[in-house]
Amino acid sequence: MLIGRIFGIPLRVDWSWIIVFTLFVVMLSQAGGPFETIAPQWRLGVAAITVLLLFVCVLIHEASHASVGRLYGIPTHDITLFAFGGVSHMENTGVTPGQQAAIAAAGPLASFAIAALSALVAYLAPWPTLAQIAGYLALMNVVLGVFNLLPSYPLDGGRIVHALVWKLRNSRTKATEFISVFSTVIGFMLMGFAVLLFFTGAVVSGIWIALIAWFVMRSAKSEWTVELLTGPLGHTHCADVMDPVTERLEPDVSCSQAMQTMLTAQRRVVPITHDERLLGLATLSDFGKLGERDPNGVPVSEVMTPYSDLIRVAPSTTALDAVKRLGDSAHAQLPVVDASQSLQGFVTRETFMRILAFAQEQRKKPSLPPGVLPG
Ligand SMILES: [Zn+2]
């Protein structure tokens, strides 16, 4: 659910947060909660304000990740707030292990800073209610900071461990493999701890820990799947994998001649170029635009999709970005065009499948010396 923007980054709330929000407000307003000295008719209001402030604290935590990322020129696509904090979806290509560790550390550091500030407010506050709210926020921000430092992907602590293993083993994929197994182990340990709490009578804490364990294990698995898919694509550039251009036509070629060429060469699409410059793409369905006109008398440039309307990629575009662009495109292939509008080649869905199949082969084989490709 999109609720707004922060630094232009879309801010979303997962439905689980609404449930937790309500639970939290009810829990905090109970007798025996942190606000039991406050008159019962005010308690619900104070609890709601406190939980809203906590929401702002989580937001500041996430915004610190985003702003350190921005410092390194790494964009954040969106921030989603979940039951146990938030997740900033950042571009993960082009980031170094050091930058990843710094971005991850920024969040817990922000939470600890808020905790210190809240503790100061609690100490100096002239009104007891303010002191109680601030005291509770101080405690919760310490919890938030510590929870996020759990060495489990995709929590901040897990990202720091991931960056460390990445740096030591010099392989992002190996680091992800390590942290995903490690996170599952942490998840099982938490689950064991939850069962222990449950049977020793701490039922509510047990349920909380079990939920966290479930979250940790589920996330570790999905992060690994994403990494398997996006890792090889994110590190490959279109220039290295594109198919060469075999056929090309001049813009003044007639439609009937263009159709003939495409049928003979068995191509669904043919680029229209002049002096190396790409002017457009003609597909078989474009000839439907001819209507009643004679295909011999109409140049192909009249029916083609013009350059300005084409979704295209640069030779330096990563295969990952190209996949996303292909999804937006009406065509089954994307032209790879350099800065001078010159057509270099095409990338298709098959290109991406090839990269993934090759990466899978690589993982099965004992690792090759760097720079050596299997024959
Ligand atoms: Zn964080």
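The values are calculated or read from the model by the stated rules, or taken from the named source; none is laboratory data. Because the structure is predicted, anything quoted here is derived from the model rather than measured. Cβ placement follows ideal geometry from the backbone for every residue including glycine, while neighbour counts extend to all protein chains displayed.
Tabulated values for the structure
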{"read-out": "Hey, Arg293 at pLDDT below 85, surrounded by fewer than 19 Cβ atoms within 10 Å (Cβ to Cβ) and under 17 Å from Leu334 (Cβ atoms) or not", "value": "no"}
{"read-out": "Top-ranked residue of segment 103-135 - restricted to ones that are small (Gly, Ala, Ser) and more than 16 Å from the ligand (Cβ to nearest atom), ranked as nearest to Pro34 (Cα to Cα)", "value": "Gly135"}
{"read-out": "Selection status of Val181, more than 23 Å from the chain's Cα centre (by Cα), of a type in the set (Val, Ile, Thr) and under 24 Å from His162 (Cα atoms)", "value": "no"}
{"read-out": "Residues of segment 5-17 satisfying the condition of being exposed (fewer than 14 other Cβ atoms within 10 Å of the Cβ) and either modelled with pLDDT of 80 or more or polar (S, T, N, Q) (or both)", "value": "Arg5"}
{"read-out": "Matching option when the condition is under 22 Å from Ala101 (Cα atoms) and either surrounded by fewer than 20 Cβ atoms within 10 Å (Cβ to Cβ) or outside the structural domain of Thr351 (by TED's automatic domain parsing) (or both), among Arg267, Arg159, Arg248", "value": "Arg159"}
{"read-out": "Candidates Ile60, Ile79, Ile114, Ile103 - the one that is within 27 Å of Leu2 (Cα to Cα), outside the structural domain of Ala322 (by TED's automatic domain parsing), outside any helix (DSSP H, G or I) and among the β-branched types (Val, Ile, Thr)", "value": "Ile79"}
{"read-out": "In segment 26-83, residue nearest to the ligand (Cβ to nearest atom) [restricted to those that are over 20 Å from Pro97 (Cα atoms) and hydroxyl-bearing (Ser, Thr, Tyr)]", "value": "Thr80"}
{"read-out": "Filter result for Phe215 (more than 26 Å from Arg159 (Cα to Cα) and not assigned by TED's automatic domain parsing to the domain that holds Ala322)", "value": "no"}
{"read-out": "Number of the exception - Tyr153 against (1) in a helix (DSSP H, G or I); (2) within 16 Å of the ligand (Cβ to nearest atom)", "value": "(1)"}
{"read-out": "Which listed residue is surrounded by 19 or more Cβ atoms within 10 Å (Cβ to Cβ), part of a strand (DSSP E or B) and in contact (Cβ under 8 Å) with a residue 40 or more places away in the chain, from Phe352, Phe346", "value": "Phe346"}
{"read-out": "Residue identified as closer than 26 Å to Phe112 by Cα, of a type in the set (A, V, I, L, M) and more than 20 Å from the chain's Cα centre (by Cα) among Leu144, Leu197", "value": "Leu144"}
{"read-out": "The lone exception for Val146 - which of (1) among the β-branched types (Val, Ile, Thr); (2) more than 26 Å from His237 (Cβ to Cβ); (3) more than 16 Å from the ligand (Cβ to nearest atom) it fails", "value": "(3)"}
{"read-out": "Residue list for segment 306-325, filter: assigned to a helix (DSSP H, G or I) and touching a Ser or Thr at 6+ places or on another chain (Cβ under 6 Å)", "value": "Ala319, Leu320"}
{"read-out": "Some residue of segment 261-275 being closer than 12 Å to Val303 by Cβ and in a loop (DSSP other than H, G, I, E, B)", "value": "no"}
{"read-out": "Which numbered condition His89 misses (of (1) part of a strand (DSSP E or B); (2) within 16 Å of the ligand (Cβ to nearest atom); (3) touching a residue at least 24 places away in the same chain (Cβ under 8 Å))", "value": "(3)"}
{"read-out": "Residue that is out of contact with any strand residue (DSSP E or B) (no Cβ under 7 Å at 6 or more places or on another chain) and within 30 Å of Asp275 (Cα to Cα), where the choices are Thr246, Thr225", "value": "Thr246"}
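Listed here are the residues, each with its yes/no results for (1) within 19 Å of Thr348 (Cβ to Cβ); (2) among the hydroxyl-bearing types (Ser, Thr, Tyr); (3) in contact with a Phe, Trp or Tyr (Cβ under 9 Å, 6 or more places away or on another chain).
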site: Gln260; (1), (2), (3): no, no, no
site: Ala282; (1), (2), (3): yes, no, no
site: Asn296; (1), (2), (3): no, no, no
site: Ser301; (1), (2), (3): no, yes, no
site: Arg312; (1), (2), (3): yes, no, no
site: Ala322; (1), (2), (3): yes, no, yes
